[in-house]
Amino acid sequence: MKTVPFFSLFVILLGPSCIIPESNHIAPDFYLLSELALPVDQTPIDAELSFYLREIELPRYLKEPRMVVRPSDHMIQFRESKRWGEPLEDGISRAVSLNIQNQVSNSLFSIFPNRRKEGLAWDFSLSFSSFEVIGEQVVVVAKWEAKKDGTELVTGSFVRKTEMHESDSVEDEISALNYALFELSTELLKTILKK
């Protein structure tokens, strides 16, 4: 008889502690970079191009899956609920390669981490020092190198800053990054086709 009240008291005291509080976890949103279609008034360049895009170089903080914003030049913040859906290097490689391919009538390419295919004429290297929001701008800063068998090394740099407004969404930010990669691809292509 005495065990029943004791057991009841035990259940009453233990019961509330087993209740799991509501989760405050927010499921992250995942984003991908992509190539852009050629403008309606532009046709692919009538040329043949084959290339291998080497491993993209990024600062270590950009290799995080969480997207980065820099409120100032000397501070970074990781966005817990906004993430890349793939390694950023892979997304940049794919977008740049497809942008170049779409602008040339006949092209063939391979990208890191795939092995370099035989017979590809050019090797491209891209190194980014910025690929994020800094203050109120989407900033992309990169250097590139292109080497063709039997020719000298061709180098170039690229800077693109796009103003952002308070009403702009993360999708607007991704669009600005995609457009910057399209412009980078265009500049690289124009330079090497002169060679």
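Values computed for the structure shown
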| read-out | value |
| --- | --- |
| Value of D in µm² per second that Stokes-Einstein yields for region 36-152, Kirkwood Rh from Cα pairs, at 25 °C (0.890 mPa s) | 153 µm²/s |
| Using a Förster distance of 30 Å, the FRET efficiency for Ser175-Glu145 (Cβ separation, nearest 0.05) | 0.65 |
| Segment Thr191-Leu38, length gained on full extension (0.36 nm per residue, minus Cα span) | 53.3 nm |
| For Tyr179, Tyr52, Tyr31, order by how many other beta-carbon atoms lie within 10 Å, fewest first | Tyr179, Tyr31, Tyr52 |
| Convex hull volume per residue for region 84-148, taking Cα atoms only, in Å³ | 109 Å³ |
| Mean Cβ neighbour count within 10 Å, used as a protection proxy, ranking 60-71, 127-138, 180-191, 149-160 highest first | 180-191, 127-138, 60-71, 149-160 |
| Within a Gaussian network of the chain (alpha carbon springs, distance under 10 Å), most fluctuating of Asn102, Asn178, Asn114 | Asn114 |
| Structure-derived percent of Cα pairs over 30 Å apart - corresponding label in [x] 36; [y] 58; [z] 20 | [x] |
| Glu48 versus Glu80: modelled label distance in nm, points set 7 Å from Cα along the beta carbon direction | 5.6 nm |
| Residue-by-residue Karplus 3J(HN,Hα) for region 139-148, coefficients 6.51, -1.76, 1.60, Hz, glycine and proline x | 10, 10, 10, 8, 10, 9, 10, 9, 10, 10 |
| Links that overshoot a 22 Å alpha carbon limit, given the list Lys82/Lys143; Lys63/Lys117; Lys148/Lys194; Lys63/Lys194; Lys143/Lys190; Lys63/Lys147 | Lys82/Lys143; Lys63/Lys117; Lys63/Lys194; Lys63/Lys147 |
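Computed from the coordinates by the stated procedures, all read-outs in this text should not be read as laboratory data. For clarity, every value in this text was computed on a predicted model and none was experimentally measured. Heads up, the Cβs are rebuilt from the backbone with ideal geometry, glycines too, and the neighbour counts pull from every protein chain shown.
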